[in-house]
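> Structure provided below as structure tokens; questions to follow.
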Amino acid sequence: MAVVDCDYPQHSIAGMRKRDAEQVGADEDYKRMAYEQFTRLGKKAYPVLCSSPEKAIATADEHIAAGHVPDIVFFDLPGTVNSEGVINSLAGMDYIFTPISADKVVLESSLSFAVAIHKLLVKNETCRLAGLYLFWNMVDGREKTDLYTAYDKTIKELELPLMKTFIPDTKRYKKELVADKKVVFRSTLFPASRPLVRGSNLEELITEIVYYIKLK
């Protein structure tokens, strides 16, 4: 696999990879973990390619043309993607997975984008894009009742696909590699620590995504 970080100019995933690499280089335990993991897998860490929303597809094509043929390419796009160049990039992708939150202003913006992309690209048989799926992010368990039921109804009326899995609002999604702890959740080099995976809905989200993209 490969990741194209299009969140220009901050490139947050590329920044995380840099921090991960620095932490591994400075910590013997992490260094050993990395060696054992990649030796066992028989492969290197997946590449993180910096790009912009407009150049996303071109960046992936250049990577593949150089002889690197990943099974899957993930594109990380910023929240604001309303330029013509970005629309062209989205048209060259296979699937879009859009996180939404129960903030009224943010949600209205996300749904407007989703409706436009669904009508313009997903339903257009000449475009490559095969599907757009929404999923709830940062869900507050105390509000996961009437509020979300009302929003779910609106999404259904808009004829937008909503995934079953939701991501809870939890601090574990901010846990990166640190020197004094060998428990990690968010990393570009290591899988999430098993104790932190429980209750995060991460595995459920991955399973549902794999189902939708028909990955074997």
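Derivation of every value follows stated rules applied to the coordinates shown; laboratory data play no part. Here the structure is a predicted model, which means the values were calculated and not measured. For neighbour counting, all protein chains shown are included, and Cβ atoms are generated from backbone atoms with ideal geometry for every residue, glycine included.
> Which angle between 0 and 90 degrees, to the nearest 10, do you get for helix 104-117 versus the longest principal axis of the chain when only C-alpha atoms count?
Roughly 80 degrees, rounded to the nearest 10.
> Round to the nearest 10 and give me the degree value, 0 to 90, for the angle of helix 146-157's Cα axis relative to the longest principal axis of the chain.
70 degrees
> Report, in deg cm²/dmol and to the nearest 500, the calculated mean residue ellipticity at 222 nm for the chain, where each DSSP H run with n ≥ 4 adds -39500 (n - 2.57) and the sum is divided by the residue count. Before the final figure, lay out the partial values.
On the way: 8 runs with 89 residues, N = 216.
After summing the helix terms and dividing by residue count, I get -12500 deg cm²/dmol.
> Further question: On average over all directions, what projected area in square nanometres does the chain have, based on the convex hull of its Cα atoms?
Averaged projected area of the chain's Cα convex hull equals 13.4 nm².
> Please find the FRET efficiency linking residue 154 to residue 44, where r is the Cβ-Cβ separation and R0 is fixed at 45 Å, and quote it to the nearest 0.05.
0.50
> While we're on this one: By its C-alpha gyration tensor, with a ≥ b ≥ c as the square roots of the eigenvalues, how is the range 15-68 shaped: rounded for a/c under 1.5, else prolate for a/b larger than b/c, else oblate?
oblate
> Hey, what's the Kirkwood Rh for the range 94-166 if you take every pair of different alpha carbons, in angstrom?
Computed over the range 94-166, the radius equals 12.8 Å.
> Let me ask something else. Compute the FRET efficiency between residue 37 and residue 207 as 1/(1 + (r/R0)^6), taking r as their Cβ-Cβ distance and R0 = 22 Å, and round to the nearest 0.05.
Working: r = 22 Å, r/R0 = 1.00.
Efficiency for this residue pair is about 0.50.
> Go through 58, 23, 210 and say which Cα lies farthest out towards the positive end of the charge dipole of the chain; charges sit on Cβ, +1 for Lys and Arg, -1 for Asp and Glu.
Selected residue: 23.
> Given 104/156; 104/164; 119/164; 44/171, which pairs have Cα atoms separated by over 25 Å?
44/171
> Report, to the nearest 10°, how far helix 12-26 tilts away from the longest principal axis of the Cα atoms in the chain, using its own Cα long axis and a range of 0 to 90°.
That helix lies at roughly 10 degrees to the long axis.
> For the range 86-129, what is the convex hull volume of the alpha-carbon atoms per residue, in Å³? Display every interim value, and only then the final one.
On the way: hull volume 2.7 nm³, N = 44.
Each residue corresponds to 62 Å³ of Cα convex hull volume.
> While we're on this one: In whole Å, what are the extents of the range 29-140 along the principal axes defined by its C-alpha atoms, from largest to smallest?
47, 40, 21
> Is there a quick way to get the dipole size of the chain? I mean about its Cα centre, with the Cβ of Lys and Arg at +1 and of Asp and Glu at -1; what is the value in debye to the nearest 20? Provide the component values of the computation, followed by the final result.
Numbers: 29 positive and 30 negative charges, 136 e Å.
Roughly 660 debye for the chain.
> Another one. Given the peptides 193-199, 126-132, 1-7, arrange them by the average over their residues of other C-beta atoms within 10 Å, most packed first.
On the way: 193-199: 12.0, 126-132: 14.3, 1-7: 20.3.
In descending order of packing, they fall as 1-7, 126-132, 193-199.
> Packing-wise, with mean Cβ within 10 Å as the measure, how do 36-46, 149-159, 92-102 rank, highest first?
92-102, 149-159, 36-46
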